[in-house]
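In what follows, a structure is listed as structure tokens, so that the remarks can point back to it.
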Amino acid sequence: RVWLQGAKAGTSEVFIDGLPGTPDNLTVNKKGILVTLAVTIDDTHPAASHFLAPFPIIRKFIVRLCELILMPFRFVNSIYPNVITNTFVREFGGMNSLKFIFSARQTIILVAWNGEILTSYHGSDGTLGPITHALQISDDTILTGSVTENYIGRIQLKI
């Protein structure tokens, strides 16, 4: 949180810490802030990205290896654009190639303006891919988006 006015103006502080995953987007609703967790973690669903966090050299190697694999496809596609190389560059070079870092569980957390967690919504039935955006359109409906999927999800809340 960055304070813009008042006695704390110009200072910052951690708004919320210790979430069970990696937050992606924030959306305001009537009660607070919806926080989507793009990657969720717990004891039964560890995330590959968290295993690699302490190893920056390995992370750098993986990224460079991926770029090396993509290089000839990008080159061919720049000279002779075609559906095969274009699809490979889009799928392998985009977030779809990283689906393995996303767990099967989707989580949206509702956080009050003071940082208190009010409630959370979880899904693990596989009907939605990783959720990276959530928008509450009514008291009982949340629309979701994802960087790896080509659809908008709809969640009916039980009130």
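The values are calculated or read from the model by the stated rules, or taken from the named source; none is laboratory data. Nothing here was measured: the structure is a model prediction, and the numbers come from that model. When we count neighbours, we look across all protein chains shown, and the Cβ atoms used for this are built from the backbone with ideal geometry, even at glycine. Ligands, DNA and RNA are stripped out before the accessible areas are found, and what is left, the full protein with its side chains, is counted by its heavy atoms. Shrake-Rupley method; radii C 1.70, N 1.55, O 1.52, S 1.80 Å.
Taking Cα atoms, how many degrees apart are the long axis of helix 56-79 and the longest axis of the chain, rounded to 10 and kept between 0 and 90?
It works out to around 60 degrees.
Express the carbon and sulfur contribution to the solvent-accessible surface of the chain as a percent, rounded to the nearest whole number, probe 1.4 angstrom. Please report the intermediate quantities before stating the final value.
Working: 6750 of 10650 Å².
Carbon-and-sulfur percentage of accessible area, whole number: 63.
List the residues whose amide H sits under 5 Å from the amide H of HIS133, counting only those 5 or more places along or on another chain, with H placed 1.01 Å from N in the peptide plane.
Amide H neighbours of HIS133: GLY145.
Return the inverse of the average 1/r over all pairs of distinct C-alpha atoms in the chain, which is the Kirkwood hydrodynamic radius, in Å to one decimal. Each step should come with its number before you reach the end.
Working: mean 1/r = 0.0550 Å⁻¹.
For the chain, the Kirkwood estimate is 18.2 Å.
So, in the chain, how many Lys pairs have Cα atoms under 28 Å apart, if the pair is 8 or more places apart or on different chains?
So the count works out to 5.
Between HIS122 and ILE16, how many nm apart are label points set 7 Å from Cα along the C-beta direction?
It is 1.6 nm.
Might you tell me the accessible area per residue for the chain, computed with a 1.4 Å probe and given in Å²?
Ligands and nucleic acids excluded, the figure is 67 Å² per residue.
For labels at LEU143 and GLU91 in the simple 7 Å Cα→Cβ model, what's the distance in nm?
Distance between the two pseudo-spin positions: 2.8 nm.
What is the distance, in nm, between label points placed 7 Å from the Cα along the Cα-to-Cβ direction at LYS31 and at GLN156?
The two pseudo-label positions are separated by 1.9 nm.
What are the chymotrypsin sites (Phe, Trp or Tyr not before Pro) within the range 14-67 that DSSP puts in a loop, where the Cβ has at most 15 other Cβ atoms within 10 Å?
In loop regions of the range 14-67 (DSSP not H, G, I, E or B), the sparsely surrounded chymotrypsin sites (Phe, Trp or Tyr not before Pro) are PHE15.
Which of the GluC sites (Glu not before Pro) found in the range 53-152 are in a DSSP loop and have at most 14 neighbouring Cβ atoms, other than their own, within 10 Å?
GLU116
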